[in-house]
Amino acid sequence: MPEYLPPAVILIVAALLIGPTRGHVRSAIVLLAPLATLWAIWQVPDGVVLTVPFLDYQIEPVEGSDLRRLFATIFAIMAFAGGLFSFRQARWYELAAANAYAAGAVGVSFAGDLITLFLFWELMALFSTVIVWAGGTPAARAAGIRYAVMHLIGGVILKVGIEGTVVHTGSIDIMPVLATNFDTWMMLIGILINAAAPPVSAWLADAYPESSPTGSVFLSAFTTKTAVLALILLFPGEPVLIWVGIYMVMYGIIYALLENDARRILAYSIVNQVGFMVCAVGIGTQMALNGAAAHAFAHIIYKALLFMSAGVVVYRTGKSKCTELGGLFRTMPLTTVCGIIGALAISSFPLTSGFTTKSMISDAAASQHLVVVWYLLAAASAGVFLHAGIKFPWFVFFQKDSGLRPKDAPWNMAAAMVLFAVLCIVLGVYPQPFYELLPYPVDYEPYKPGKVLFYLQLLLFSGLAFFLLLPLMQRTRTISLDTDWVWRVALYRVAYGIGAAAGEAGGLLRETVERIRGDIGRFGRRHLGAGESGQDRGVFSQAWPIGVTALWIAVLLIAYVVVYLL
Amino acid sequence: MSGQPERDDRNDRKDRDHWLARPENIRLLWRGFWVVLALTVAAQIFIPVKGHFVVDGWLAFGAVFGFFSCLAMVLVAKALGYSLKRDEDYYLKGGYLEDMEDRDA
């Protein structure tokens with residue numbers, strides 16, 4: 001009996017029990033398993049606490065550190081709040097999949113070696129796909145298949161990198177490296193696919209909004225943030241990540257500005273926010289890594305809160321398009337207020353969790369004298385307020401009066417939203433206890449008057465820009481093409497074309513074979529076969545006089561002798 | 001059905017009465033917003049912003065930078081939109097979704 005059970009095991013057992021149980025027992029499992037996991041997470045001390053022999057390796061399923069506990073903690077909190085939000089509305093298999101998915105995330109957090117990391121990584125891929133499918137529509141099923149294919153490809157690439165690293169270094173340990181050779185590049189690419197990095201960012205905004213109103217809350221939290229954790233563990237200070245991150249930040253803003261579907265706006269802003277974290281990992285200083293970890297923690301809370309408020313709207317109205325929504329603040333005051341708090345937090349407004357965490361990343365860029373990066377991040381901060389901070393609540397809850405008068409959130413959804421809204425503000429107002437949990441010592445004062453003033457100017461004038469430019473941002477019933485066009489349309493057409501060509505070629509081949517066979521048959525009949533009447537026998541099946549035969553044999557013998565002598 | 005118009009009337013009256021939806025209050029909110037904007041710039045006279053890279057400490061730099069960044073992003077998005085935007089059932093026309101529905105039926 002090992003001294004420490006991997007905390008992920010609790011969630012896996014819960015996932016297995018949710019199916020066979022019913023009623024209050026099931027509800028209790030959904031709500032208590034994450035809390036038990038949270039308790040177990042805080043029992044894990046620093047260092048490797050569990051080793052298991054596996055093939056020729058000693059794998060380490062549980063290794064503790066401040067960073068690992070921090071990520072595992074937020075994953076467990078997320079599993080609890082997500083469970084609270086959905087346990088009365090979601091189908092049982094979605095809840096079970098969500099627990100298994102969270103188990104994968106907690107497992108990755110404590111993975112002490114690359115093999116364990118990979119196993120839990122794939123667990124997440126499998127069960128997040130189930131959550132996408134739990135959307136239940138044909139569109140959700142199609143999106144789920146595309147999502148699964150993308151993550152299986154990512155998993156294979158990661159596996160290639162891990163295998164190469166293990167073969168060439170002889171070690172399965174998780175150690176900081178830089179992308180310098182084929183193995184490390186493969187690992188980096190495999191992780192970045194899960195982080196929704198370019199050129200495959202499209203999988204995220206394709207799949208998440210197709211899930212159920214409750215499913216998208218779970219999806220928003222785990223996959224991309226475990227990728228951020230893996231980057232912090234494996235690739236801190238990898239310079240290419242700075243520019244990958246900047247690209248993601250800008251991509252998220254532009255596509256969110258073009259988007260009409262409220263949940264898809266939020267999906268694009270996940271890419272945008274993860275971009276900040278990826279950029280911070282690329283900067284790689286202690287302050288930057290603290291910033292990445294802190295921002296991931298805060299981000300999971302406010303992004304889940306935003307998806308919850310959007311989820312309530314979808315649950316109550318069945319609509320998620322900005323063109324069909326608007327004016328909901330009249331009958332959904334609580335959802336509106338919670339949505340606005342989430343929106344302010346994602347925009348890193350002072351006194352919210354976004355401000356106390358994201359500003360660490362900007363300051364880390366400044367202290368490394370990364371001038372261009374700093375200005376781009378500042379511009380992006382303004383852009384976040386534009387595309388998520390105002391656009392989301394404005395078009396969903398205010399804007400025009402859509403005539404919809406839905407009821408406000410059911411009590412459990414409301415409780416989950418209030419919990420996370422309170423956390424957003426607590427982390428923003430009083431961040432010191434949270435700073436204590438970060439992986440490196442924090443010597444950071446978020447609320448310097450000059451800095452607060454700078455960000456207030458930046459954000460409020462972004463707000464001004466939004467309302468003055470509203471005529472340019474009228475929603476249209478459109479989608480925006482992305483790189484997924486390549487595999488959804490171009491490759492589909494190519495595959496269809498190849499299929500059609502192969503079919504045609506096959507037909508042609510069959511025809512040719514038929515013709516040749518016919519020719520042989522005719523030839524045989526003509527020269528060898530006996531005709532039906534016996535009159536028109538083939539040349540070799542007629543009766544010939546013996547003299548002719550002897551003559552032919554003589555000719556053949558002479559030919560043989562001549563060939564032999566030559 | 002006969003009770004329907006009455007209820008709609010009552011709803012409409014209630015909407016008109018919601019303080020956030022009234023035009024005079026929206027005008028008031030705008031005025032308040034302008035005042036707050038002016039205050040955040042004016043406050044910089046008393047609270048120095050310690051810039052990291054020269055210009056970001058200038059008066060109203062945050063305001064100008066925030067506004068024009070957003071303007072630039074909206075215009076870029078608008079320009080990209082002309083080539084990237086498609087009808088919302090663009091991917092549904094590919095045929096494979098209908099195939100799946102047919103199979104279910």
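The values are calculated or read from the model by the stated rules, or taken from the named source; none is laboratory data. Predicted model only: the values in this text are computed from it and were never measured. Here the Cβ is made from the backbone with ideal geometry for all residues, glycine too, and neighbour counts use every protein chain on show.
Observations on the structure shown:
- Complete set of residues in region A:363-391 that are free of Cβ contacts under 8 Å to residues at least 40 places away in the same chain and closer than 16 Å to residue A:458 by Cβ: A:366, A:374, A:375, A:379
- Pairs with Cβ under 7 Å, 6+ apart, first in region A:477-494 and within 15 Å of residue A:251 (Cα to Cα), second at pLDDT 85 or above and of a type in the set (A, V, I, L, M): A:480/A:258; A:480/B:84; A:481/B:84; A:482/A:202; A:483/A:200; A:483/A:202; A:484/A:202
- Subset of region A:160-182 (residues that are over 22 Å from the mean Cα position of the chain (by Cα) and part of a helix (DSSP H, G or I)): A:163, A:164, A:165, A:166, A:167, A:168, A:169, A:182
- Selection count, region A:236-260, where residues are buried (at least 24 other Cβ atoms within 10 Å of the Cβ) and assigned to a loop (DSSP other than H, G, I, E, B): 1
- In region B:36-58, the residues that are among the aliphatic types (A, V, I, L, M), within 14 Å of residue A:458 (Cβ to Cβ) and more than 9 Å from chain A (Cβ to nearest Cβ): B:55
To keep it simple, each residue is scored yes or no on (1) surrounded by fewer than 21 Cβ atoms within 10 Å (Cβ to Cβ); (2) within 21 Å of residue A:193 (Cα to Cα).
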position	(1), (2)
A:95	no, no
A:99	no, no
A:107	no, yes
A:114	no, yes
A:119	yes, yes
A:124	no, yes
A:127	no, yes
A:131	no, yes
A:135	no, no
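- Here A:459, A:437 are screened, and the one residue that is under 30 Å from residue B:67 (Cβ atoms) and surrounded by 11 or more Cβ atoms within 10 Å (Cβ to Cβ) is A:459.
- All positions within region B:37-63 that are touching a Leu at 6+ places or on another chain (Cβ under 8 Å) and among the β-branched types (Val, Ile, Thr): B:40, B:41, B:45, B:47, B:49
- Residues satisfying the stated conditions in region B:64-80, i.e. surrounded by fewer than 18 Cβ atoms within 10 Å (Cβ to Cβ) and either facing chain A (nearest Cβ under 7 Å) or in contact with a helix residue (DSSP H, G or I) (Cβ under 7 Å, 6 or more places away or on another chain) (or both): B:71, B:76, B:78, B:80
- Helices (runs of 4 or more DSSP H) wholly inside region B:1-85 containing at least 3 residues that are at pLDDT 90 or above and under 27 Å from residue A:375 (Cβ atoms): B:23-42, B:61-84
- Once region A:248-266 is narrowed to residues that are closer than 15 Å to residue B:83 by Cα and not charged (D, E, K, R), the residue that is farthest from the other protein chains (Cβ to nearest Cβ) is A:255.
- Condition broken by residue A:170, with the remaining ones in (1) farther than 18 Å from residue A:233 by Cα; (2) in contact with a Gly (Cβ under 9 Å, 6 or more places away or on another chain) satisfied: (2)
- Single condition residue A:468 does not satisfy, out of (1) more than 30 Å from residue A:85 (Cβ to Cβ); (2) within 32 Å of the chain's Cα centre (by Cα): (2)
- The set of residues in region A:435-478 being within 18 Å of residue A:383 (Cα to Cα) and not in a helix (DSSP H, G or I) consists of A:469, A:474, A:475.
- Top-ranked residue of region B:86-95 - restricted to ones that are more than 7 Å from chain A (Cβ to nearest Cβ) and exposed (fewer than 14 other Cβ atoms within 10 Å of the Cβ), ranked as modelled with the lowest pLDDT: B:95
- Qualifying residue in region A:188-204 (condition: buried (at least 24 other Cβ atoms within 10 Å of the Cβ), touching a helix residue (DSSP H, G or I) at 6+ places or on another chain (Cβ under 8 Å) and farther than 26 Å from residue A:130 by Cβ): yes
- Condition check for residue A:456: more than 30 Å from residue A:143 (Cα to Cα), modelled with pLDDT under 90 and within 14 Å of chain B (Cβ to nearest Cβ): no
- Of the residues making up region A:299-313, those that are farther than 10 Å from residue A:82 by Cα and either among the small types (Gly, Ala, Ser) or under 19 Å from the mean Cα position of the chain (by Cα) (or both) are A:299, A:300, A:301, A:302, A:303, A:306, A:307, A:309, A:310, A:311.
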